1. For the range 65-110, give me each residue that is loosely packed, with under 14 Cβ neighbours inside 10 Å, modelled with pLDDT under 95, of a type in the set (D, E, K, R) and outside any loop (DSSP other than H, G, I, E, B).
2. Are any residues in the range 21-44 among the small types (Gly, Ala, Ser), modelled with pLDDT of 95 or more and out of contact with any strand residue (DSSP E or B) (no Cβ under 8 Å at 6 or more places or on another chain), and if so, which ones?
3. Just checking, does the range 118-134 include any residue being in contact with a strand residue (DSSP E or B) (Cβ under 8 Å, 6 or more places away or on another chain), surrounded by 12 or more Cβ atoms within 10 Å (Cβ to Cβ) and either on the phi > 0 side of the Ramachandran plot or at pLDDT 95 or above (or both)?
Amino acid sequence: MREGSGEGMNWPNRKNTRLARDLRNNATDAERKLWQALSARKVGGTRFNRQVCIGPYICDFVARAPRLIIEVDGGQHADHARDAERTQFLLGQGYQVVRFWNHDVLDNIDGVVADIERVLSALPQPLPHAGGGPAAFGAEVSP
């Protein structure tokens with residue numbers, strides 16, 4: 001086995017990791033449109049990742065620091081009981097879950113982004129990293 005090759009490693013969620021990669025590579029039109037709006041910290045300066053594994057689930061968009069999950073749902077999400085179970089698990093992990101229908105993202109991206117900004121502003125803001133402020137780099141900070 002080569003060092004660093006990953007062979008022989010016991011990944012707890014390898015199947016979902018592969019599926020998440022496939023989902024990123026084969027995103028729906030609505031997911032691509034929302035990603036264009038969310039990527040590069042365009043919404044509230046928040047970093048989002050696509051198709052993130054959390055427990056046994058793959059979430060469409062996740063902002064880890066504010067613990068926010070954005071789901072874009074199509075017709076396959078008619079099984080509300082399954083979605084409710086999934087949402088309860090994610091809430092138990094400390095995340096807030098917000099869902100949008102595909103047609104809302106495709107037809108009203110500005111309204112969807114405004115809703116996401118509103119949710120982000122209502123969430124508690126994470127504390128800055130210790131020693132990561134301007135004073136840590138020699139800059140003066142006013143009291």
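1. Hits for the range 65-110 are ARG82, GLU85.
2. ALA37, SER39, ALA40
3. Scanning the range 118-134, I find at least one residue that is in contact with a strand residue (DSSP E or B) (Cβ under 8 Å, 6 or more places away or on another chain), surrounded by 12 or more Cβ atoms within 10 Å (Cβ to Cβ) and either on the phi > 0 side of the Ramachandran plot or at pLDDT 95 or above (or both), so the answer is yes.
The values are calculated or read from the model by the stated rules, or taken from the named source; none is laboratory data. Note that the structure is a prediction, hence the values are computed from the model and not measured. Quick reminder, even Gly has a Cβ in these numbers, built from the backbone with ideal geometry, and neighbours come from all protein chains shown.
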